[in-house]
Amino acid sequence: MANVVNAGAENLTAPPPRDAVLLAVAIAGVSFSGPLMAATVAPAFAIAFWRNAMGAGFAASAVAVRRPRERVGARGWALAALAGVALAVHFGTWVPSLTMTSVASATALVCAQPIFAGLIALFLGRSLPRLAWIGILLATLGTALVAGADLGVSARALGGDLLALAGGLAAAVYVTIGAAARVRMSTAAYTAVCYATCAVLLLGACFIGGVHLTGFSGNAWLKIVLVTVCAQLLGHTLINVVLHTTSPTAVSLALLLETPGAALVAYFWLHQRPPLSAAPGLVLLLGGLVLVVRSRAAPADID
């Protein structure tokens, strides 16, 4: 995929119609992720482990029935495993943040990943249109306002915000590495390796931290399965499909729409009402998304 391996301007072109639909379904799926995990009476790391372990099982089943067997080089397997490491860091920071701050704030801040994706693209020798950088700066200001609003709530809420931002950085790394890996292997093979690697690392973290992985109520198990279906299978897996035709930055920007989706689910289901002072930050964050999306039609002058 040229926008992954070549230098030059970062490609922000909208995905093809089929992948645009898949991306919309993925956004809807991940929008339920935060509210579902916040509502599940189980340790955060246990939830993250089980959703990845189940996701890896589904993906491995898909690989097992593929005919003929695909051939993947060592670099492809290594990239998929490395993406799994980044995904484990993402879950290890973002999932705990959901218990420390509101779902709306945690989701908004983890969705700051386009900022990091843009910086990664710059580091890799690519560049973004000037309008895209303006949008990213607006999104950065928006995240700062959200964090400031939560600081007025409690130091714990601010800590949750910082964890969510770290989760956003890890997510940007995961998406970028995933785009490179998907050039070399099918979605099923990639997700099986990525989710399995992530699950093994989270399992190790659970053992080290003494986190229980069983003994939950039937209701908690049901929600863990729903998180797996909505966020892991319909969310992350479809994102990996779309990355075959769409740049990591564009995908990360589209995923900003998870913020209002998760906020609405948390509002009506969990009755969570984030501070009104956070509203300007959320508006700026989404406004930055609009600018970056529009920047794909801007003239080709690059900063």
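The values are calculated or read from the model by the stated rules, or taken from the named source; none is laboratory data. Predicted model only: the values in this text are computed from it and were never measured. As a convention, Cβ positions derive from the backbone with ideal geometry for all residues, glycine included, and neighbour counts pool all protein chains shown.
Checking Ala112, Ala157 one by one, the residue that is closer than 21 Å to Ala279 by Cβ and at pLDDT 80 or above is Ala157 and no other. The criterion of at least 1 residues that are without any contact (Cβ under 8 Å) to a residue 24 or more places away in the chain, out of contact with any Lys or Arg (no Cβ under 8 Å at 6 or more places or on another chain) and among the hydrophobic types (A, V, I, L, M, F, W, C) is met by the following helices (runs of 4 or more DSSP H) wholly inside the range 16-133: 17-31, 44-64, 74-97, 113-123.
Quick check, is Ala149 of a type outside the set (S, T, N, Q) and under 30 Å from Val63 (Cβ atoms)? Please lay out each step first, then the result.
Numbers: of a type outside the set (S, T, N, Q): yes; under 30 Å from Val63 (Cβ atoms): no.
No; evaluated as a whole, the condition is false for this residue.
Filter the range 189-224 down to residues that are part of a helix (DSSP H, G or I) and either loosely packed, with under 14 Cβ neighbours inside 10 Å or of a type in the set (Lys, Arg) (or both), then give me how many there are. Give the derivation first.
Within the range 189-224, the first condition is being part of a helix (DSSP H, G or I), and the residues that meet it are 189-209, 218-224.
Those still in the list that are either loosely packed, with under 14 Cβ neighbours inside 10 Å or of a type in the set (Lys, Arg) (or both) too: 204, 207-209, 218-219, 222-223.
Residues meeting the conditions: 8.
Here Val63 clears all of (1) out of contact with any Gly (no Cβ under 9 Å at 6 or more places or on another chain); (2) at pLDDT 90 or above except the condition numbered (2).
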